[in-house]
1. Multiply the residue separation of Arg325 and Ile242 by 0.36 nm, subtract the distance between their alpha-carbon atoms, and state the gained length in nm to one decimal.
2. Note the angle between two axes, namely the Cα long axis of helix 299-311 and the longest principal axis of the Cα atoms of the chain, as a number of degrees from 0 to 90, rounded to the nearest 10.
3. Residue separation times 0.36 nm, minus the C-alpha to C-alpha distance between Met303 and Lys290: what's the value?
4. Give the Rg (one decimal place) followed by the Dmax (whole number) of the stretch 235-314, computed from C-alpha coordinates and expressed in Å.
5. Using +1 at the Cβ of each Lys and Arg and -1 at the Cβ of each Asp and Glu in the stretch 235-314, identify which of Met253, Leu294, Ile270 lies farthest towards the dipole's positive end.
6. Exposure proxy check: Cys117, Cys100 ranked by fewest other beta carbons within 10 Å?
7. On a 0 to 90 degree scale, rounded to 10, what angle separates helix 201-211 from the longest Cα axis of the chain?
8. Can you give the charge dipole size of the stretch 1-145 about its Cα centre, rounded to the nearest 20 debye, using +1 on the beta carbon of Lys and Arg and -1 on the beta carbon of Asp and Glu?
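No lab work stands behind these numbers, since they all come straight from the coordinates. Predicted, not measured: the structure shown is a model, and the values here were computed from it. We place every Cβ from the backbone using ideal geometry, glycine too, and count neighbours over all the protein chains shown.
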Amino acid sequence: MSQKQLLSVTIVTYNSGRFIRRCLESVLEQRHPHLEVIVVDNASTDGTTDILEHFENRCVVVYNEENIGFAGAQNQAISMSRGAWVLTLNPDVLLLPDFCTHLMEVADMHPRLGTVCGKLLMMDASFQIPDQRVVDTTGIYFNPMLRHHDRGCLETDNGHFRNYEYVFGASAAAACYRREMIDDISVDGEFFDSDFFAYREDADVAWRAQLYGWTCIYTPIAFGYHVRKLRPGMRRFLPPDINMHSVKNRFLMRAKNITAGVYLRNFLPILIRDIGILTYCLIAERSSLKAFYLFAKDWSRVMAKRRVIQGRKRVDEAYMQKWFRFSPVSQPADVPELATEPSSDVDNLHVNEEDTSERKLSL
């Protein structure tokens, strides 16, 4: 098998025992013929490792002695992978059987296509699917406040995301990255910035990829389901560390990637958002004030990364400025030879709970 035929699936687990068995079963039941699966566990304590042991004959499984974060563990898995494309996958995602096949149908459309994503729909933590399909993500976009959002998140799936489109980037819950792009945009050998530890690292990658002239395409017929734990309105229910990293990474991402034109054009919305964040941290979320200390402490390293990234920028200001809007920005992708309707499997995802040692995903 050549590297070009191989798709590498990389999964990071941390106390993911509730989800990982079903996730891996959905991956191993993919109809794409050439897959390798690499799982890196970040020192789970909830029994995740016991579940992973049952998959060691079909997957590469690595057990870290400490939690090095999503970014570090994904980099670890990617460095071990061999495929021409790498699909990063969250352990709380279930894929329909043709998901990988549909991603690969568009993967070689043109040499500067660096990322492919499909449509993730929402399900709850008990793997129940709403009667009406609800969108989790169809790619990510940035608004002028430098907030990034999942396109279509929480919207009823009524067919309005049925076209192939170029979007800003993909959620790393299920993002497929070209190997050449991974190598091209890595800084100091890191694809995901380990300073992020967790959260927003996929938006950082998307921004860096756009600066380097790589594009991202959304395919409407690659379907999966995602148990989304982070969404608007849930901040006060999240662990303090998650919120702290989210604040820190907003400023890390901006410091490395923003161009002068984007900053000047959006100065007022950015300032309003920054004041709001600082005020909220001072009044209601003092545990997140640590984010500002960590950001300042790493300033010299962040600026060194910025110099590398900005020095290799391949696009102009006008190109970057068009992506930062209050409503999602996309561009049509002409792929007339491919299907635009999903498989009927999309409405037939069931999980058999009869035996926890032999749980099977039925699609």
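1. Computed gain between Arg325 and Ile242 is 27.3 nm.
2. Between the helix axis and the principal axis of the chain, the angle is about 80 degrees.
3. So the extension gain works out to 2.7 nm.
4. Cα-based Rg and Dmax for the stretch 235-314 come out at 13.9, 42 Å.
5. Of the candidates, Met253 comes out farthest on the positive side.
6. Listed from fewest to most nearby Cβ atoms, that is Cys100, Cys117.
7. Around 70 degrees separate the two axes.
8. Result for the stretch 1-145 is approximately 520 debye, rounded to the nearest 20.
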